[in-house]
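Undergrad: One structure follows; several queries about it will come next.
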Amino acid sequence: MPTPDGSSPALSIAMTPVTTDADHGLGTVGIFGTGDFGRTLGLRLLQAGYQVVFGSRKPQRSSLLPQGAQVLGHAEAAGVAQVIFLAVHRDNYDFLVPLADRLAGKVLVDVSNNLRRNQYPEPNAHYLSKLVPEASVVKAFNTVSAWSLQSGGLDANRQVLVCGDSTESKQRVVDVARSLGFTALDKGSLLAAGEIEDYPLQLFPMWRLPAAVAVGLTASLFAYCLLMDVIYSWVTSKKDMSFRIMVSLANKVFPMVSLMMLSLCYLPGILAGFLQLYNGTKYKRFPDWLDRWMLCRKQMGLLALAFGFLHVLYIMIVPIRYYVRYKVVSWTISQMKENQSEFDNTVAWYTDSYMSLGVLGFGLFILLGITSLPSVSNAMNWREFRFVQSKLGHLTLLLCTSHTILYGWKRFLRAQTYRWHLPPAYMVALVLPCVVLGLKLLLVTPCVDRILMRIRQGWERKPRPAGASDRTGANGKEPLML
């Protein structure tokens, strides 16, 4: 049973005579349970125009119920209402057994939740339908908290998941949900009750893989940069460079993680294209690992954007660092002593290009993040969304990769760059995006793209009959495309 995110307001009880559905336009709704969720649901139903009857074991001792609600015993409340919300824990369902005759033909809405998955051998709604077989059990409102009910869905989840075996009963619950300002989603028969009951127990299910990848990449690249920039200097020259950990290493690791995770957003789509080419059809399922990877690409891209933002923030504090100001002053003094003031046009070109590509790449990166918002993506048609997320997405990856390549410039030609015969960290980070861009280039070549588009439009490569020639025969038929 849902619990509130905050304390419920104190409500006063008012005992009124029992009325019938005919006396009121929206009818009477029953609620078994006088806890936080039941009280808040009763208040919202009253505000929507329903008559509310609470069923309680001790009606005379009930308190804090909304003004205007009726409080009766369970049997009396079951006789008045046609739709009854069961806002009690599963362990307390036994009181319904003696009421089976009273509940026959009623719509019994199960709003309960469990503390953990697989807490019971069967879903609560299935157990309830066995206890009261003559009632029409509907699973609903378990994904909505008391706080959501109190705020009317304005500051929390507005969606109510509904499932049940009776179409008419589900429609009555859907009507109640819509009258309270929520959006109802029909999940089918009562077989979906287990899935709906597990939904509130999930904790960022689509973010787990992207978060694990982000943590793994961050830890690995940080350890690599620590080895190359700090430990190497200490071992070879006894020079303490540990101060670089806080800003310099972080400002190296974050953009590399961002670039690699952006690459991982587009790699599964490319792998899917090659699998379709290999299978010659789009009707063969992808492997489970690829399905899971493709489903969390949005979350992976948003994490990549977050790391990109961190890189931008660190860039902003670089000019005020003591180490940077010290290096600039030292370089300026050395230039004055050597009487050197020659302007290097080549260095100016590549540094300006490096920064310009970074700004453009980050700008498109933000555009990708904005179009991922439901409010924005819902205002776009499929072709527009695909253009932004695919075409501009690969352009973003190309710009960010070029930005990293220009960052390294000619350093890969210098022997001192390869400390302990290991490549610098930026070169390690370039491997994955370069592979992704190379594979994408293969897919967009006209000969490959034409076949892939035909496959995605429904064309299938048929098995070649025995003895068939690769070339057009005397019958004039075209050869099979491989």
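The values are calculated or read from the model by the stated rules, or taken from the named source; none is laboratory data. These numbers were taken from a predicted model, which means no experiment stands behind them. Positions of Cβ are backbone-derived with ideal geometry, glycine not excepted, and every protein chain shown enters the neighbour counts.
Undergrad: Which of the following residues is within 17 Å of I31 (Cβ to Cβ) and more than 29 Å from the chain's Cα centre (by Cα): V137, V97, V144, V111?
TA: Numbers: V97 fails: within 17 Å of I31 (Cβ to Cβ); V144 fails: more than 29 Å from the chain's Cα centre (by Cα); V111 fails: more than 29 Å from the chain's Cα centre (by Cα).
That would be V137, the only listed residue that is within 17 Å of I31 (Cβ to Cβ) and more than 29 Å from the chain's Cα centre (by Cα).
Undergrad: Same structure again: Which one of the conditions (1) under 32 Å from the mean Cα position of the chain (by Cα); (2) in a helix (DSSP H, G or I) does R102 fail to meet, given that it meets all the rest?
TA: Result: R102 passes all but (1).
Undergrad: Separate question: Tally up the residues in segment 415-442 that are outside any helix (DSSP H, G or I) and at positive phi, please.
TA: From segment 415-442, those outside any helix (DSSP H, G or I) are 418, 422-424; that's our starting set.
Next, only the ones that are at positive phi stay: none.
Residues in segment 415-442 being outside any helix (DSSP H, G or I) and at positive phi: 0 in total.
Undergrad: Also, quick follow-up: Do we find that A211 is in contact with a Cys (Cβ under 8 Å, 6 or more places away or on another chain), among the small types (G, A, S), part of a helix (DSSP H, G or I) and within 26 Å of M294 (Cα to Cα) in this structure?
TA: No, not satisfied.
Undergrad: If the Cβ limit is 7 Å and pairs must be 6+ apart or interchain, which residue in segment 229-242 that is in the same structural domain as Y418 (by TED's automatic domain parsing) and in contact (Cβ under 8 Å) with a residue 24 or more places away in the chain pairs with which residue that is surrounded by 12 or more Cβ atoms within 10 Å (Cβ to Cβ) and part of a helix (DSSP H, G or I)?
TA: From residues that are in the same structural domain as Y418 (by TED's automatic domain parsing) and in contact (Cβ under 8 Å) with a residue 24 or more places away in the chain, the pairs are Y232/R419.
Undergrad: A follow-up question, please. Given the options Q82, Q60, Q70, name the one that is touching a strand residue (DSSP E or B) at 6+ places or on another chain (Cβ under 9 Å), buried (at least 22 other Cβ atoms within 10 Å of the Cβ) and polar (S, T, N, Q).
TA: Values: Q82 fails: buried (at least 22 other Cβ atoms within 10 Å of the Cβ); Q60 fails: buried (at least 22 other Cβ atoms within 10 Å of the Cβ).
One residue alone meets the criteria, Q70.
Undergrad: Among the numbered criteria (1) surrounded by 12 or more Cβ atoms within 10 Å (Cβ to Cβ); (2) among the small types (G, A, S); (3) more than 22 Å from L437 (Cβ to Cβ); (4) without any contact (Cβ under 8 Å) to a residue 60 or more places away in the chain, which one does G280 miss?
TA: (4)
Undergrad: Hey, another quick one. Could you tell me which of the residues S220, S248 is farther than 30 Å from V138 by Cα, modelled with pLDDT under 95 and either assigned by TED's automatic domain parsing to the domain that holds H403 or out of contact with any strand residue (DSSP E or B) (no Cβ under 7 Å at 6 or more places or on another chain) (or both)? Quick ask: steps written out before the conclusion?
TA: On the way: S220 fails: modelled with pLDDT under 95.
Going through S220, S248 in turn, just one is farther than 30 Å from V138 by Cα, modelled with pLDDT under 95 and either assigned by TED's automatic domain parsing to the domain that holds H403 or out of contact with any strand residue (DSSP E or B) (no Cβ under 7 Å at 6 or more places or on another chain) (or both): S248.
Undergrad: To continue, here is another question. Since Y322 meets every condition but one in (1) touching a residue at least 24 places away in the same chain (Cβ under 8 Å); (2) surrounded by fewer than 16 Cβ atoms within 10 Å (Cβ to Cβ), which condition does it not meet?
TA: Answer for Y322: the failing condition is (1).
Undergrad: Being free of Cβ contacts under 8 Å to residues at least 24 places away in the same chain and exposed (fewer than 15 other Cβ atoms within 10 Å of the Cβ), is that true of even one residue in segment 175-184?
TA: There is at least one residue in segment 175-184 that is free of Cβ contacts under 8 Å to residues at least 24 places away in the same chain and exposed (fewer than 15 other Cβ atoms within 10 Å of the Cβ).
Undergrad: What residue, of G181, G164, G194, is of a type outside the set (K, R) and in contact with a Pro (Cβ under 8 Å, 6 or more places away or on another chain)?
TA: Just a single option satisfies the conditions, and that option is G194.
Undergrad: Now, a different point. What are the residues in segment 414-444 that are more than 33 Å from the chain's Cα centre (by Cα), loosely packed, with under 15 Cβ neighbours inside 10 Å and either within 30 Å of N279 (Cα to Cα) or among the basic types (K, R) (or both), if any?
TA: R414
Undergrad: Is there a residue being touching a residue at least 40 places away in the same chain (Cβ under 8 Å), assigned by TED's automatic domain parsing to the domain that holds D36 and over 25 Å from L26 (Cβ atoms) anywhere in segment 68-77?
TA: no
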